[in-house]
Amino acid sequence: VGATNVVAVSSTVYVIGIGSGDPEHLTLAAVSALQKVDVVFVIDKGEVKEDLVALRTEILHRHREPGSYRVVEAADPVRDRTTPEYTAAVVDWQDRRGALYAEMVAGLAPGETGAFLVWGDPALYDGTLRLLADIPDLDVVSIPGISSVQALAAAHRLILNRVGRPVLITTGRRIAGGLPADVDDIVVMLDGGTAFADLPDAEVADVDVYWGAYVGSADQVLAAGPVLEVRDEIRRLRAEARERKGWIMDTYLLRRRPADR
Ligand SMILES: C[S@@+](CC[C@H](N)C(=O)[O-])C[C@H]1O[C@@H](n2cnc3c(N)ncnc32)[C@H](O)[C@@H]1O
C-alpha cells in the first residue's frame with residue numbers, strides 16, 4: 001500500500017506597516033507587498049477616526065488599480081470594560097479577536113494572498129502579528145512601517161538615544177506612577193491624557209518634553225520645552241485638537257537634562 005502524502009496548502013498574509021499619517025512614509029517593500037495581494041483585510045475599530053480610514057484608502061488608491069483586489073471588512077470585537085475581572089475580560093476579548101482573524105483568513109481562496117494594513121509599524125503596540133501567529137498553516141510576512149515614534153523624532157529633528165544610552169518606549173499608564181530612575185530618555189505612547197503633566201514638579205524639574213499629535217499628517221501639532229514651562233500649553237493644545245477633530249493620537253519623548261546643564 002503506497003503512502004499518501006497530505007500536503008497542507010498554506011496561505012500567505014502580509015502584515016504591512018503603513019506609517020502613522022503620511023502616505024509618503026510607506027516603504028518600497030510595503031508598496032510591492034501591497035501590489036501582490038488579492039485581499040485586503042480591514043478591521044473596523046468602531047472609532048470616529050476617519051483620518052485613519054482616509055490614509056488607508058489613499059494608500060490603496062495610490063498603489064492599486066480599483067477593482068484589482070477585494071476588501072474584507074469586519075468589526076473589532078468589543079472589550080468588556082465594565083467587569084472587575086480585568087484579566088479574564090482581556091483574555092476573552094483576545095480569544096474573540098483571534099477567532100475573527102482566523103475566520104477572515106480562512107476566506108482566502110487557495111493560492112490567494114491577503115494583507116492587514118497596520119498603523120505605523122506592526123512591531124510596536126499592535127496585536128496583529130500575535131493574533132495571526134496562532135493560526136495554523138499560515139505564512140505571515142511582516143513588512144515594517146514608519147512608526148509614530150520615528151515620525152515624532154523626525155518632526156522634532158531628534159536623535160532618540162544619547163551616546164551609548166538606552167531609550168525606553170512605554171505607555172502613559174506606566175509613567176503615571178512616576179518616571180523610572182535609571183532611564184533618561186522615555187518615549188510615551190498610548191497616553192489617554194497628559195500623564196507627564198500631572199507628575200509632581202520635583203520629578204519633572206529637569207525634564208524636557210518633545211510632544212506631537214497626528215504626527216506626519218496635515219494636522220500635525222508639535223510643542224517642546226522644559227516640562228514645567230510647556231505642560232499647560234500642551235494640555236491646552238491637546239484639549240483643543242481633540243475637541244476639533246473628535247479624537248487624538250499623540251506621542252512624546254521625555255528627556256532628563258544632564259545634571260551639569
Ligand atoms: C495602538 S498604538 C499603535 C502604534 C503604531 N503601531 C506605531 O508604530 O506607531 C497607538 C498609539 O500610537 C501613537 N500614535 C500613532 N499614530 C500617531 C501619530 N500620527 N502621531 C502621534 N502619535 C501617534 C499614539 O501614542 C497612540 O496612542
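Bear in mind these aren't lab numbers, they're just calculated from the coordinates by the rules spelled out. None of the values given here were measured: they were computed from a predicted structure. We place every Cβ from the backbone using ideal geometry, glycine too, and count neighbours over all the protein chains shown.
Evaluate E = 1/(1 + (r/R0)^6) for residue 112 and residue 86, where r is the Cβ-Cβ distance and R0 equals 35 Å; express this FRET efficiency to the nearest 0.05.
Computed FRET efficiency for residue 112 and residue 86: 0.35.
To the nearest 0.05, how large is the calculated FRET efficiency for residue 102 and residue 259 if R₀ is 51 Å and r is the Cβ-Cβ distance?
Efficiency, rounded to the nearest 0.05: 0.45.
For the chain, what does the helix formula give at 222 nm: sum of -39500 (n - 2.57) over DSSP H segments with n ≥ 4, over the residue count, nearest 500 deg cm²/dmol?
It comes out at -10000 deg cm²/dmol, rounded to the nearest 500.
Give the calculated FRET efficiency between residue 190 and residue 72 to the nearest 0.05, with a Förster radius of 25 Å applied to their Cβ-Cβ distance.
0.35
Using the Kyte-Doolittle scale, find the helices of the chain whose mean hydropathy is at least -1.0 and whose Cα atoms extend 18 Å or more along the helix's long axis, counting only whole DSSP H runs.
Length and hydropathy pass: 50-63, 86-106.
Quick one: what do you get for the range 90-180 if you divide its Cα Rg by 2.2 N^0.38 Å?
Scaled against compact globular proteins, the figure is 1.43.
How would you rank 188-200, 169-181, highest first, on the average number of other Cβ atoms within 10 Å across their residues?
The densest-packed peptide leads the list: 188-200, 169-181.
What does DSSP give for the range 154-261 in terms of the percent of beta bridges that are antiparallel, rounded to the nearest 5?
Within the range 154-261, antiparallel bridges account for around 80 percent of the total.
What residues have an amide H closer than 5 Å to that of residue 249, excluding those fewer than 5 places away on the same chain, when H is modeled at 1.01 Å from N in the peptide plane?
214
At 7 Å along the Cα-to-beta-carbon direction for both residue 123 and residue 162, put a label point, then send me their distance in nm to one decimal.
2.5
For the range 197-261, what is the relative contact order in percent, using Cα pairs closer than 8 Å and at least 6 residues apart in sequence?
For the range 197-261, the relative contact order is 40 percent.
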